[in-house]
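Shown next, in structure tokens, is the structure this report addresses.
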Amino acid sequence: MHTEPLPADHRPSDQAPADHRRIGRELKLFATDPLAGAGLPLWLPDGAVIRAELEKLAAEEAIRGGCQRVFTPVLAKRALFERSGHWAKFADDMFPPMRVGEEEFVLRPANCPHHALVYASQQRSYRDLPIRLAELGAMFRSELSGVLGGLSRVRQINLDDTHVFCAPEQVPGEIARAAASVQRCYRLLGIEVARYRLSRRGGGDGYLGDASLWAAAERHLAAALNEIGIDYEDAPGEAAFYGPKIDVQVADPAGREETLSTVQLDFNQPERFDLGFIGPDGGRHRPVMIHRGVLSAMERLVALLIERYNGAFPPWLAPVQVLVLPVAEQHEERGREIAARASAAGLRAECDPADATLGARIRRARDRRVPYLTVIGDRENASGQVAVRLRDGRRLEAVAVERLIDEVSRQVAGRYAGLGFGQAEVPV
Ligand SMILES: [Zn+2]
């Protein structure tokens, strides 16, 4: 993994363990307001930058993985979720229906039913398959106030989700494709897989469909994992209500595990929505549906990354990438000009007003974990070069402004974890 050790000077002085709620507050990434409600975080401008970068990554990865993007509404008639089985098996986690005239609407707990309708909106041939529909959309969970906190337990999640509709024989290829996408994204984000889990049906009546379909789906998933050489742990009772799944487990520094990405195999929804495609024989056949979540919910992912990086994000995710620090008021004009050049090159750059001592402002910038600082004084004004300090404490030889912009732009464009300027980094 090309992860950078966290520099000692970014650890808070009290050595408190990384907690995304505390860091999120300190870095002004998100907030909650009792007037809006618990579990409904407000993304502040700096947090929104991080989320927007991750959404951009999700969109690029979807296209790269052969998906087509769609947009579907956050609510639908209750009947849609009766059809999908959510109403029977998942209603306890859903907000109660809203009555409008004679109709009842519910906030969606998942977008699978909408995507089934997108698939069903046209006649499909075996030549069209696989069809992969991607959407990073909002979903809702009626969690009780008591269990909510930060970004990890929320009532609205914004989930990176893809639904693949394919012929049964295409399943192994699609599982391999999903696993490759997970591995590519994790490498980029510096996330390590703790283990893969094959989550199967358990006892009880919390599951849709008959046992033989489940057994077939579980065999398919196990065979696909074996074929691509992924070791996994067997987990009976951890399946989704509509099908078994591969869970990609990640661990926090304290060793607590959670599921980040999932790949779920579903024979049930295609039945319930009567989906079909015309096969080479001219007959109508049933597709399989694969639910694939790579980056997971933006809330969960950002919470994990805040803790993983202790707020010191790689340059491509940093809310401010370059902070220009004029030594005194007479250097502010030059400072603003440099920040403007960096902004024009597509970087997130700011000029910090000379309203306190330079030492105090450098500390403030470090508290914000800004990766690149440049100090502008008399010498820099005269030479046309700038002195660069990296977030990890290194001070570099003075460089031309263009060199600074080029180096930072390269790190950002490559989504590298390192700070560049000769520091080792691994292209992904
Ligand atoms: Zn789904």
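The values are calculated or read from the model by the stated rules, or taken from the named source; none is laboratory data. Predicted model, so just to flag it, every value in this text is computed and none were measured. Please note: Cβ atoms are built from the backbone with ideal geometry, for glycine as well, and neighbour counts cover all protein chains shown.
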TODO: Could you identify the single residue in Glu329, Glu307, Glu333 that is away from the ligand (no atom under 16 Å from the Cβ), at pLDDT below 95 and within 26 Å of Gly149 (Cβ to Cβ)?
DONE: Glu307
Task: Count - residues of region 250-277 that are surrounded by 14 or more Cβ atoms within 10 Å (Cβ to Cβ), among the hydrophobic types (A, V, I, L, M, F, W, C) and part of a loop (DSSP other than H, G, I, E, B) - done: 3
Open item on the list: Within region 283-357, considering only strands (runs of 3 or more DSSP E) that don't extend past its boundaries, which have at least 1 residues that are in contact (Cβ under 8 Å) with a residue 60 or more places away in the chain?
Closed with: 288-293, 322-326
TODO: Can you confirm whether region 377-389 contains a residue that is out of contact with any Phe, Trp or Tyr (no Cβ under 6 Å at 6 or more places or on another chain), within 18 Å of Ala312 (Cβ to Cβ) and either surrounded by 13 or more Cβ atoms within 10 Å (Cβ to Cβ) or modelled with pLDDT of 90 or more (or both)?
DONE: yes
Task: strands (runs of 3 or more DSSP E) within region 56-147 that include 1 or more residues in contact (Cβ under 8 Å) with a residue 40 or more places away in the chain - done: 131-140
TODO: For region 277-299, enumerate the residues that are among the basic types (Lys, Arg) and either in contact with a Phe, Trp or Tyr (Cβ under 7 Å, 6 or more places away or on another chain) or away from the ligand (no atom under 16 Å from the Cβ) (or both).
DONE: Arg284, Arg286
Open item on the list: Is it the case, given these coordinates, that Asp274 is more than 16 Å from the ligand (Cβ to nearest atom), closer than 25 Å to Glu61 by Cβ and among the charged types (D, E, K, R)?
Closed with: no
- [ ] Identify the residue in region 198-218 that is more than 29 Å from the chain's Cα centre (by Cα) and in a helix (DSSP H, G or I) and, among all such residues, is surrounded by the most Cβ atoms within 10 Å (Cβ to Cβ).
- [x] Trp214
Open item on the list: Quick check on region 123-151: of everything there that is of a type in the set (Gly, Ala, Ser) and buried (at least 18 other Cβ atoms within 10 Å of the Cβ), which residue is farthest from Ser181 (Cα to Cα)?
Closed with: Gly150
Open item on the list: Among the residues of region 82-97, are any polar (S, T, N, Q) and within 16 Å of the ligand (Cβ to nearest atom)?
Closed with: yes
Open item on the list: Just to be sure before I move on: is Pro280 farther than 21 Å from His163 by Cβ, part of a loop (DSSP other than H, G, I, E, B), modelled with pLDDT under 90 and touching a helix residue (DSSP H, G or I) at 6+ places or on another chain (Cβ under 8 Å) in the structure I sent?
Closed with: no
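Every residue in region 152-171 that is more than 16 Å from the ligand (Cβ to nearest atom) and modelled with pLDDT of 90 or more, please.
Of everything in region 152-171, those that are more than 16 Å from the ligand (Cβ to nearest atom) and modelled with pLDDT of 90 or more turn out to be Val154, Arg155, Gln156, Ala167, Pro168, Glu169, Gln170.
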